[in-house]
Amino acid sequence: MGKEKGEDEQEMASLAEEGSLVPALAIGMPNHQKVGQTSSKKGGGWVTAPFILGSSLASSIACYGATIDLLQFLVLRFNISNIRASQITNIINSVTSLSPVAGAVLCDSYLGCFLTISLFTFISFLGTLMLALAASLPSLAPPSCSHQLGSCQPPTPTQFAFLCLAFSVTTLGTAGTSFTYVTIGADQFDRKEEQERFVSYFFLTTTVSTFLPSTVIVYIMDNVGWNWGYGLCAVLCAVSFALFVPAKWCCRNVRPEGSPFTNLARVVVSAVRKIKLRLSVKEEDYYHGSDKHSQLTSNLSFINKAALIAGGDTHLDGSIAKRWRLCTIQEVEDLKPLIRLFPLWSTGIYLTVATAVQTNLTILQSLVMDRSLGSSFKVPAASFQVFFYASMAISLPLIDRFFYPFSRLMVRRPLTLLHKIGVGHVITIVGLAAMACVEARRLQVIHQRGLAVAGDHLDAVVPISALWLVLPLVILGVGSAFYIPNQVNLYYQEFPASLKNVGTSMSSLAVGIGYYLSTTLVHAVQKATPWLTDDIDRGRVDNVYWLLVALGALNFLYYVLCAKLYELKSSG
């Protein structure tokens, strides 16, 4: 038995060292059923996979499609100014990224995966249906107008309130589905090889779900109608619900056993309530709970007070009497990696800030560039972001199979996760600089030809191909392929087994905070400089990109400092 256990540990270490995508996504597995752990529950297996993966694919396409063309929808259908629409878009994207944290807590603590997915998929259907109504009914949107003439009526307070409600309900729907499908999928299998295979299939569906909205749904919205585009999203939500609910007869549904966030909160509260107590050097003065072999480490010792036994903390039989005054040693140790990783985690926030600003600016740039392919086809402005996703999807296997082995031969040692994340930082900065160069060239063409565009003249096209945006987007996609999976891998490897879901939530939390801060940055630039105007031909978007490059360089120096101070437990 000891030999088998050792072999399992070596295999898991090997997977971690390879930096594969499977363990990165496997962090969605529930705390109560770890990889390789045998379950006595009946049901499950591959018979459930078509239901789960099909429902996940339809749900992802619908929810992503509902926001993929949001900026143009706000500007062209609701007559909202460019900069305000950009800020609203970032806020909605931020809430979408933050909401899975609340959804994970609700799922783990009360509802369980099956009920959570069923409920929130239906909520997504209601939200997308409301968006379809807002795009269809004249009473729910301002009258259409020619933006070229600049005389457009803004939405009434009632119309704007209904629009906000529709997006709020749609965003709420993503809270219970984003990270829950992979969890319930992993619950269906006992063998870790099958769990990993399912996660690989899940990643494939997730990748596909980014391509279809960026092409098909955007094309329908731009060329057929917003009502048809959002109507298709509502239909896909209904399909997702219809595919998932019948899986109840064969789906293994693990009952919720409480959220790990509760234990983390208990440690913090207990440590604060005992802040005046002195730490003891005696091991018996700390509460071990059922794990008699657990030991407190000396780092971050101020948290150790949460496990220090004081008068009235325990019953006569040794059990905890006051849950919010005493924690086990293991619970205290589980919180420490979270604190040690916080500086490194914070460096990822700026990457989201830069990506959020770049995404909206790219749409605004492409709207006034030549998007024609041939004589009859024009690429939708929002579809240019598909080059970013395609580059990331293609780069992931190439980096794993070729770049990492080649770099190991060159430097004669494997790159650590911190090295790989650092490479992603650098490539992202290069991509932002490339974006600045493209925008500078576009403005140069305007000035050389004496072009003048007045007001919100969104239909005016500068004679420069929008395909110049492709190379910077490809570079940014490669950068994301380095830092996104390796950030998740870092959390997966460094967090204790009971806190893998916390690592997932931290990634989502960083993205959400980044979107909020991107809105703040845009507002600050708009107030302090003339670089961002509703007519970008009269602004200096290139300077905004150079500002992002400068801030990215400072953030990279901060990252290097944090990486130097952090002792990585795993050398892979």
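Listed by first and then second residue, the pairs with beta-carbon distance under 6 Å, at least 6 apart or on different chains, first residue in region 49-60 and closer than 18 Å to residue 188 by Cα, second open to solvent by less than 30 Å² (accessible area, probe 1.4 Å) and aliphatic (A, V, I, L, M), are 51/247. The residues in region 277-297 that are open to solvent by 30 Å² or more (accessible area, probe 1.4 Å), under 14 Å from residue 334 (Cα atoms) and among the hydroxyl-bearing types (Ser, Thr, Tyr) can be counted, and the count is 1.
Residue selection: residue 216 satisfies the criterion of being β-branched (Val, Ile, Thr), open to solvent by 40 Å² or more (accessible area, probe 1.4 Å) and at pLDDT 75 or above. Looking at region 186-210, I want the residues that are surrounded by fewer than 17 Cβ atoms within 10 Å (Cβ to Cβ) and have a partner that is modelled with pLDDT of 60 or more and polar (S, T, N, Q) with Cβ atoms under 8 Å, at least 6 apart or on another chain. Which pairs are those? From region 186-210, no pairs qualify.
Looking for whichever is surrounded by fewer than 23 Cβ atoms within 10 Å (Cβ to Cβ) and either at pLDDT 85 or above or of a type in the set (S, T, N, Q) (or both) here; the options are 60, 94. Which one fits? Matching residue, one of 60, 94: 94.
Among the residues of region 533-552, those identified as at pLDDT 90 or above, under 24 Å from residue 94 (Cα atoms) and open to solvent by less than 70 Å² (accessible area, probe 1.4 Å) are 541, 544, 545, 547, 548, 549, 550, 551, 552.
It is to be established whether one or more residues within region 480-499 are within 23 Å of the chain's Cα centre (by Cα), at pLDDT below 90, closer than 25 Å to residue 425 by Cβ and not in a helix (DSSP H, G or I).
Checked region 480-499: at least one residue is within 23 Å of the chain's Cα centre (by Cα), at pLDDT below 90, closer than 25 Å to residue 425 by Cβ and not in a helix (DSSP H, G or I).
So is residue 109 small (Gly, Ala, Ser) and in a helix (DSSP H, G or I) or not? Criteria met by residue 109. Looking at (1) in contact (Cβ under 8 Å) with a residue 12 or more places away in the chain; (2) in contact with a Ser or Thr (Cβ under 9 Å, 6 or more places away or on another chain); (3) basic (Lys, Arg), can you tell me which one residue 322 breaks? Here residue 322 meets the rest and fails (1).
Only one of 143, 155 is free of Cβ contacts under 8 Å to residues at least 60 places away in the same chain and part of a loop (DSSP other than H, G, I, E, B). Can you tell me which? Let's see the steps before the verdict.
Working: 155 fails: free of Cβ contacts under 8 Å to residues at least 60 places away in the same chain.
Answer to the check: 143.
From the set of residues in region 257-276 that are open to solvent by 50 Å² or more (accessible area, probe 1.4 Å) and in a loop (DSSP other than H, G, I, E, B), which is modelled with the lowest pLDDT? I'd like the intermediate steps shown before the answer.
Initial filter on region 257-276 (open to solvent by 50 Å² or more (accessible area, probe 1.4 Å)): 257, 261-263, 268-269, 272-273, 275-276.
Okay, now just the ones that are also in a loop (DSSP other than H, G, I, E, B), so 257, 275-276.
Working: 257: 59, 275: 89, 276: 88.
Ranking the qualifying residues of region 257-276, first place goes to 257.
Filtered by the rule that a residue be of a type in the set (Gly, Ala, Ser) and surrounded by fewer than 18 Cβ atoms within 10 Å (Cβ to Cβ), region 102-117 gives 102, 109. Filtering region 380-394 to residues that are open to solvent by less than 20 Å² (accessible area, probe 1.4 Å) and modelled with pLDDT of 85 or more leaves 384, 388, 391. Remark: residue 76 matches the filter, which requires a residue to be at pLDDT below 90, over 23 Å from the mean Cα position of the chain (by Cα) and among the aliphatic types (A, V, I, L, M).
Mind telling me which of the residues 508, 571, 465 ends up being surrounded by fewer than 22 Cβ atoms within 10 Å (Cβ to Cβ) and at pLDDT 85 or above? Can you show your working first?
Values: 508 fails: at pLDDT 85 or above; 571 fails: at pLDDT 85 or above.
Every option except 465 fails the conditions.
Among the residues of region 365-379, those that are in a strand (DSSP E or B) and either open to solvent by less than 70 Å² (accessible area, probe 1.4 Å) or touching a strand residue (DSSP E or B) at 6+ places or on another chain (Cβ under 8 Å) (or both) comprise 369, 370, 372, 378.
Here residue 530 meets each of (1) at pLDDT 90 or above; (2) in contact with an Asp or Glu (Cβ under 8 Å, 6 or more places away or on another chain); (3) not in a helix (DSSP H, G or I) with one exception, condition (2).
Checking the condition modelled with pLDDT of 70 or more and either part of a helix (DSSP H, G or I) or in contact with a Leu (Cβ under 6 Å, 6 or more places away or on another chain) (or both), which residue from 209, 200 passes?
On the way: 200 fails: modelled with pLDDT of 70 or more.
Step by step, each of 209, 200 is checked, and only 209 is modelled with pLDDT of 70 or more and either part of a helix (DSSP H, G or I) or in contact with a Leu (Cβ under 6 Å, 6 or more places away or on another chain) (or both).
Of the candidates 337, 343, the single residue that is at pLDDT below 90 and not in a loop (DSSP other than H, G, I, E, B) is 337.
Scanning region 361-413 for residues that are polar (S, T, N, Q), over 27 Å from residue 82 (Cα atoms) and within 23 Å of the chain's Cα centre (by Cα) yields 391, 395.
The values are calculated or read from the model by the stated rules, or taken from the named source; none is laboratory data. As the structure is a computational prediction, the values presented were derived from the model and not from experiment. Cβ: placed from backbone, ideal geometry, glycine included. Neighbour counts: every protein chain shown. Accessible surface is based on the protein model in full, side chains and every heavy atom, while ligands, DNA and RNA are left aside. Shrake-Rupley method; radii C 1.70, N 1.55, O 1.52, S 1.80 Å.
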